[in-house]
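Peer 1: I have a structure I would like to understand better, so I am pasting it below and will then ask my questions one at a time.
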Amino acid sequence: MRRLNQALKRENFDRPPVWFMRQAGRYHSHYQAIKREHSFMEMCKSPTLAAKVAMGPIQDFDFDAAILFSDLLFPLEALGMGLEYSPGPKLGFHLQSPADLERLVPDDPRSLARQAIGFQKEAVILTRQQLPTDKALIGFVGAPLTLFFYAVAGSHQKADSARFDDTFTALTDGRWSGFLKRVLPLLEENMALQAEGGVDSIALFDTCAGELSPELYKEFVIPSLSELCQRHARRFPDVPIVYYSRGTNPEYFRLLHSLPSDVFPVAALGIDWRNTLSDCLREFGDRFAIQGNLDPYSLLKPWDELKLEATDLWNSVLELPAPLRAAWICGLGHGVLPQVPEENVRNLVQMQREMFL
Ligand code: CP3
């Protein structure tokens, strides 16, 4: 069995699987070469190109899993919000008031997903065909809150005190509930497309989760996650979900950990680099596989320094009892940054193989 799938069951007694979020991206010469010929949008929407981009880091660095090459904002494009990359994502309009919900296209989610996001299924099929059988293929979608932040504000980077009021207003004035009504069935269908194409698991990226306090997260976010994951699990019980959240900590993870697995059918938590990995494995590893969490900024450092940091972090896992180690997926606390030297990625994957023989 593929080692990532084994780890998602918390039963991997062999070398832990390793893959990085944004492993196919601008830091990589393979990506850059394709980007010189094609726009990012073309790379996502042409299944042939998407498969080629996704395969780059497998061929070059020998990661244990490929990730679908795509982006998480396509459901917003499907809903009629208009999407461009110039080079960062730009939407045609934002949900500035509840009335803007009327501007979203009213189609049935199933046909909408198939017609507007169907290219992801093709990309998954082609990537799977090119991938060695021992490597896993990961699909992904954006978590509802993260998509909501993009739909409302175009990003989540302007977090200041004024934004809190904004966020709270957006969550309570009808925009959040109206958005969920539209986006949850669409995300369910989006996940179904990837599952039908043959992904082994699906990552749910909640990059904006930590913008909310644990109280607001509990009240507004967890019910939407729980609903989405249940809808998916009913249809594809054999395609587990990895929930990555950024800016969160054990206070948030405890809320998730307290939910029975039928209420929150998620196999793994991806944790950001500000958490202590071994503590999270100890506290949550009885219920979730844990993925992470090398600091993405450390990959900008000279190899000697990066090597020391990775050695320390990975030793903290090696020292754990075998059943906890069996639940670890080696990765970063967020995505690979564009300025990262490719050699650092190559060395890290190589070093992981040597350390966990
Ligand atoms: O290799 C992989 O991990 C798969 C590809 C992937 C991309 N986006 C490609 C991409 C994945 C998994 C994503 C997820 C994604 N997209 C997230 C969640 C994860 C995270 O990074 O927090 C978010 C928030 C987005 C939305 C998005 N797409 C942003 C904010 C940006 C611009 C920021 C940036 O890094 O340039 C994009 C564009 C994007 N998505 C690029 C890539 C390779 C860069 C495109 C380019 O200019 O070449």
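The values are calculated or read from the model by the stated rules, or taken from the named source; none is laboratory data. As the structure is a computational prediction, the values presented were derived from the model and not from experiment. Here the Cβ is made from the backbone with ideal geometry for all residues, glycine too, and neighbour counts use every protein chain on show.
Peer 1: Give the residue, chosen from V53, V124, that is within 18 Å of M191 (Cα to Cα), part of a helix (DSSP H, G or I), within 16 Å of the ligand (Cβ to nearest atom) and modelled with pLDDT of 95 or more.
Peer 2: Going through V53, V124 in turn, just one is within 18 Å of M191 (Cα to Cα), part of a helix (DSSP H, G or I), within 16 Å of the ligand (Cβ to nearest atom) and modelled with pLDDT of 95 or more: V124.
Peer 1: Ok, one more. Being within 12 Å of the ligand (Cβ to nearest atom) and of a type outside the set (F, W, Y) is the filter here, so list the residues in the stretch 34-48 that pass it.
Peer 2: If the condition is that a residue be within 12 Å of the ligand (Cβ to nearest atom) and of a type outside the set (F, W, Y), then I34, K35, R36, H38, S39, M41, E42, M43, C44 are the ones that fit.
Peer 1: Does R26 satisfy being among the charged types (D, E, K, R), near the ligand (Cβ under 9 Å from one of its atoms) and surrounded by fewer than 20 Cβ atoms within 10 Å (Cβ to Cβ)?
Peer 2: The answer is yes for R26.
Peer 1: Could you count how many residues in the stretch 305-357 are among the hydrophobic types (A, V, I, L, M, F, W, C) and outside any loop (DSSP other than H, G, I, E, B)?
Peer 2: Residues meeting the conditions: 18.
Peer 1: Is there a residue in the stretch 333-342 that is loosely packed, with under 13 Cβ neighbours inside 10 Å and within 16 Å of the ligand (Cβ to nearest atom)?
Peer 2: Residues of the stretch 333-342 loosely packed, with under 13 Cβ neighbours inside 10 Å: 338-339.
From the residues that got through so far, the ones that are within 16 Å of the ligand (Cβ to nearest atom) too are 338-339.
Taking every residue of the stretch 333-342 in turn, at least one turns out to be loosely packed, with under 13 Cβ neighbours inside 10 Å and within 16 Å of the ligand (Cβ to nearest atom).
Peer 1: Hey, among F205, F179, F168, which residue is more than 16 Å from A143 (Cβ to Cβ), touching a residue at least 40 places away in the same chain (Cβ under 8 Å) and not hydroxyl-bearing (S, T, Y)? Before the answer, list the steps.
Peer 2: On the way: F205 fails: more than 16 Å from A143 (Cβ to Cβ); F179 fails: more than 16 Å from A143 (Cβ to Cβ).
Every option except F168 fails the conditions.
Peer 1: Looking only at residues that are polar (S, T, N, Q) and touching a residue at least 24 places away in the same chain (Cβ under 8 Å) in the stretch 60-96, which one is farthest from the ligand (Cβ to nearest atom)? Even if it seems obvious, please write down each step before you answer.
Peer 2: Restricting attention to the stretch 60-96, the residues satisfying the condition of being polar (S, T, N, Q) are 70, 86, 96.
After this cut, where a residue has to be touching a residue at least 24 places away in the same chain (Cβ under 8 Å) as well, the list is 70, 96.
Details: S70: 6, Q96: 20 Å.
Looking at the filtered set, the residue picked out is Q96.
Peer 1: Moving on. When you scan the stretch 2-23, how many residues do you find that are within 12 Å of the ligand (Cβ to nearest atom) and surrounded by fewer than 22 Cβ atoms within 10 Å (Cβ to Cβ)?
Peer 2: Within the stretch 2-23, the first condition is being within 12 Å of the ligand (Cβ to nearest atom), and the residues that meet it are 19-23.
So of that shortlist, the ones also surrounded by fewer than 22 Cβ atoms within 10 Å (Cβ to Cβ) come out as 22.
Looking only at that region, the number is 1.
Peer 1: In this structure, is F93 in a loop (DSSP other than H, G, I, E, B) and under 20 Å from the mean Cα position of the chain (by Cα)?
Peer 2: Spelling it out, it is not the case that F93 is in a loop (DSSP other than H, G, I, E, B) and under 20 Å from the mean Cα position of the chain (by Cα).
Peer 1: If we keep just the residues of the stretch 97-106 that are surrounded by 15 or more Cβ atoms within 10 Å (Cβ to Cβ) and assigned to a helix (DSSP H, G or I), which is farthest from the ligand (Cβ to nearest atom)? Please lay out each step first, then the result.
Peer 2: Quick first cut of the stretch 97-106, residues surrounded by 15 or more Cβ atoms within 10 Å (Cβ to Cβ) only: 98, 100-101, 104.
Now restrict to residues that are assigned to a helix (DSSP H, G or I): 98, 100-101.
Numbers: P98: 24, D100: 20, L101: 22 Å.
Of everything passing the filter in the stretch 97-106, P98 is farthest from the ligand (Cβ to nearest atom).
Peer 1: Starting from residues that are part of a helix (DSSP H, G or I) and under 19 Å from the mean Cα position of the chain (by Cα), keep the ones in the stretch 269-280 and report whichever is farthest from N249 (Cα to Cα).
Peer 2: Ranking the qualifying residues of the stretch 269-280, first place goes to L277.
The rows are residues; the columns are (1) part of a helix (DSSP H, G or I); (2) among the charged types (D, E, K, R); (3) modelled with pLDDT under 95.
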| site | (1), (2), (3) |
| --- | --- |
| S155 | no, no, yes |
| A162 | yes, no, yes |
| D165 | yes, yes, yes |
| T169 | yes, no, yes |
| V183 | yes, no, no |
| L187 | yes, no, no |
| M191 | yes, no, no |
| I202 | no, no, no |
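Peer 1: Within the stretch 56-95, can you find the residues that are modelled with pLDDT of 95 or more and more than 23 Å from L187 (Cα to Cα)?
Peer 2: G56, P57, I58, Q59, D60, F61, D62, F63, D64
Peer 1: Taking the condition within 22 Å of the chain's Cα centre (by Cα) and within 22 Å of T207 (Cα to Cα), does L313 pass?
Peer 2: No: the conditions fail for L313.
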